[in-house]
Amino acid sequence: MFVIYHNRWQKLCVIELGPNSKTLERCVHLCSSLQALVESIMLDGNGETSLAPEYQWSDDEDDVLVSNMLNLIDEGFGFTSSCFLGGATKQDVCRMREVSKAELVNRKTVKSKNGTSSQVQDGLDIDLLASIVREKLKDDFQLLHGSIATIQEAANGFTETILVNVNDVFGIVQDCVGQLATISQDLHKLGTAAPVSHVKTENAGLDPAMLFPNPTFSLGLTQEGRLDPANNVNATVDSDHEVSDEPDVEDSREEVGARFRISKRQKVPTKLLMGEYECDKGFLNRARKAVADAIYKGGNIDYPAKFAVLLEKLKTPFEITTERGNIQSTDLYEVAQRATQLPTKVVDVLVFHTTTLFRSQSYSSQQPSPAVFMDTQFVSQFTKLYTKFSKSSKKDTYKFNGDVVDLFLRLPSNADAVRFYFPFYLDKKYWVAICVDCSSWSVTILDCNISLRTDFMMNKELRPFAMMFPYFLKQVGRKVGMRECKAMAIERPRSIPQQKEVTNSAVSSLLFIQAHAVGGLDACKCITPDVLGSYVERLLVSLYEASVGPL
C-alpha cells in the first residue's frame, strides 16, 4: 500500500498493490514523471507498519467510562436523565427550534440580493442573449415604428378632413338660416298687406257635443275648415266700394282661399317628440273589448260568473284530454293563482287551445289565419340544431333533422302564413313570447319583464331563430321572398306592459301572442296588470268549455 503526495502536505491518492504486482513499476514510473512523493505503508518484515505519526492510531485502548456503562447495562441498571450531565437541555432545544423557524421565515420573506454579475448559475450570459434578441427584432421594430407613424399621419389627415367638412356644413346651415329668415320676413309682409276676411259660422243647427274647439289628442284625423254655401257665410272685404255683382265675390273668395290654403297633412305629432301615446281608460276599455271579441266568442257572456262555477269544479279532481297532452284540475288552479311558474306541459296545452280558438275564428270568417302557433317541444328540438348549423360552411345545403320537420308540418297552418308564434322559457326562470314575422323579416320579443335581461343577452338567446329559421322555411317549402335567407332582425319593443310578478310571465306571454296575432303591438298594450285576471278567466273558461262542455 502506497500513499502518494503532490507535495509534502497535499495527498493525491492511496494505492494498494500486491508485492509482485506488475502495476507497481507503472505506478513508480508515473510518480517519477509527476515528481510526487511516495510513502509505503506496507508491513515490514516484522509485521509492523511503517507510518508517519500522524497516520498512526490504536484500536485496542480501553475507555473506563465506556467499560463502566457496559457493566451497568449488563447488570440491568435503570438509567435516568440525571445520570447524563452536560449537553443541551430541553429549554435549549425549544429555543433552538424557535430560532430555526424564525430564520426560515426570514429566508422566505426577505428577497435575496442579486449579484452584479450578469452570469446566471447555469452559465447563461444574459447580456449576450439580450443583444442577440435585439439584433433579431431590430428590423421588426423599425417596421412597426414606420407603420405607427403612417397611421398617425392618416389619422391627422382624416381629422383635418372632418373639421373642413364640419365647417362647410356649418356654413351651409348658416346660409339656410339666413334664407329662412328672409322668407319669413317676406311672408310676414305679405300677410300684413293681404285683405282680411271675416268669417262667421252659424252653429245653431249642429250638435254641441260634436264640436271640438280644443282637441286633447289626435287619432290620425284632421278637422279642416268647412266651406258652407254663400247663404250661411257672410264674407266682406274691407274696401271703399260695395260689392255689386256675384262674380266679383266668388273671385275674391277664390283668391283668399288660394292664399290661405288648408294643409292636407295629418295633424299628428311624431312619437320621437311625444313618446308613447296613452289613451284614456274609456278608449282603452273599448280596445280591450274589441281584442277579446276577436279572440273569443263575442256577445254578452258573463265570464266572471262562469269562472266562479269553474272554481267550484276545480275542488273536485278531474282531467282534461287534448291533442297536446292531458292537464289536471290542479294545473288549472295553478294557472288561476299564478303562484309559481307554469310547467311546459301546461303551456303547450294553452298554446294548442290558442290554435283552436284562431282556427274556429278563421272557419267562421272563411279566411285562413296568417299566424302559426308552435309549442315548446318544437322550440327545444329546433334550438339544439344551432351548434351543428353554425359549424356548417354551406348553410344552403344544410339538412334539418327529420323530427323537427315533422313537428313543424304537423302544426295546423296554411301555406300563406307569415307570422310564427311560440313561448320561450329562459333558463327555466321566466317566459317570453316570440313572433317570427316573415313580412317584416324580424324576430319580435314580447317581454313583460325587460329589466331581468339586457338586449345583448336576449339577442344571444334568439340568434338561433334569426339565423336558422329562413333556411328552415326554405327547406319545408315555404316562401322566403327576396330576402335570400338573410338573418332576421331582432326587435324588443319597450311598449309592452310590464308585470311586477315574474310568475305572471307564462300567462302574459300567451295573452301577448293572442293579442299580437289580432292587432300587433298596439293590441298588446291592452294586456295591462290590472286586467290580467279577467283575461285569465276568459282563457280558462274557454279551455274548459272547448274540452269538457259549457259551464
Legend entry - Residue that is farthest from Ser360 (Cα to Cα), among those in the stretch 283-322 that are surrounded by 13 or more Cβ atoms within 10 Å (Cβ to Cβ) and basic (Lys, Arg): Lys313
Inset, instruction - Please verify whether the stretch 483-501 includes one or more residues that are open to solvent by less than 30 Å² (accessible area, probe 1.4 Å), touching a residue at least 40 places away in the same chain (Cβ under 8 Å), closer than 30 Å to Gly402 by Cα and assigned to a loop (DSSP other than H, G, I, E, B). - result: yes
Inset, instruction - Any chance you could count how many residues in the stretch 377-406 are more than 20 Å from Lys486 (Cβ to Cβ) and open to solvent by less than 30 Å² (accessible area, probe 1.4 Å)? - result: 4
Inset, instruction - Scan the stretch 355-410 for residues that are under 22 Å from Gly520 (Cβ atoms), in a loop (DSSP other than H, G, I, E, B) and modelled with pLDDT under 85 and jot them down. - result: Gln367, Pro368, Ser369, Pro370
Legend entry - Matching entry among Ala506, Ala515, Ala546, Ala523 (being in a helix (DSSP H, G or I), open to solvent by 60 Å² or more (accessible area, probe 1.4 Å) and in contact with a helix residue (DSSP H, G or I) (Cβ under 7 Å, 6 or more places away or on another chain)): Ala546
Inset, instruction - Identify the single condition in (1) surrounded by fewer than 21 Cβ atoms within 10 Å (Cβ to Cβ); (2) touching a Phe, Trp or Tyr at 6+ places or on another chain (Cβ under 7 Å) that Gly325 does not satisfy, given that it satisfies every other one. - result: (2)
Legend entry - Options Val432, Val476, Val443, Val436: the member that is modelled with pLDDT under 90 and open to solvent by less than 50 Å² (accessible area, probe 1.4 Å): Val476
Inset, instruction - Among residues belonging to the stretch 446-458 that are outside any loop (DSSP other than H, G, I, E, B) and over 28 Å from Gln367 (Cα atoms), point out the one that is most open to solvent (accessible area, probe 1.4 Å). - result: Phe456
Legend entry - Which listed residue is under 18 Å from Val349 (Cα atoms), without any contact (Cβ under 8 Å) to a residue 60 or more places away in the chain and charged (D, E, K, R), from Arg453, Arg410: Arg410
Legend entry - Residue in the stretch 404-426 that is on the phi > 0 side of the Ramachandran plot and not polar (S, T, N, Q) present: no
Legend entry - Failed condition for Lys306, given (1) charged (D, E, K, R); (2) within 23 Å of Phe373 (Cα to Cα); (3) in contact (Cβ under 8 Å) with a residue 12 or more places away in the chain: (2)
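Being under 16 Å from Phe465 (Cα atoms) and assigned to a helix (DSSP H, G or I), is that true of even one residue in the stretch 411-423? Reasoning before the result, please.
The initial filter retains those residues of the stretch 411-423 that are under 16 Å from Phe465 (Cα atoms), namely 418-423.
With the extra rule that they be assigned to a helix (DSSP H, G or I), the set shrinks to none.
There is no residue in the stretch 411-423 that is under 16 Å from Phe465 (Cα atoms) and assigned to a helix (DSSP H, G or I).
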Legend entry - Subset of the stretch 280-338 (residues that are among the aromatic types (Phe, Trp, Tyr) and under 36 Å from the mean Cα position of the chain (by Cα)): Tyr333
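The values are calculated or read from the model by the stated rules, or taken from the named source; none is laboratory data. Just so you know, these numbers come straight off a predicted model, no measurement behind them. No Cβ is skipped: glycine too gets one built from the backbone with ideal geometry, and neighbour counts run over all protein chains shown. We work out accessible area using only protein heavy atoms, side chains counted, and drop any ligands, DNA or RNA first. Shrake-Rupley method; radii C 1.70, N 1.55, O 1.52, S 1.80 Å.
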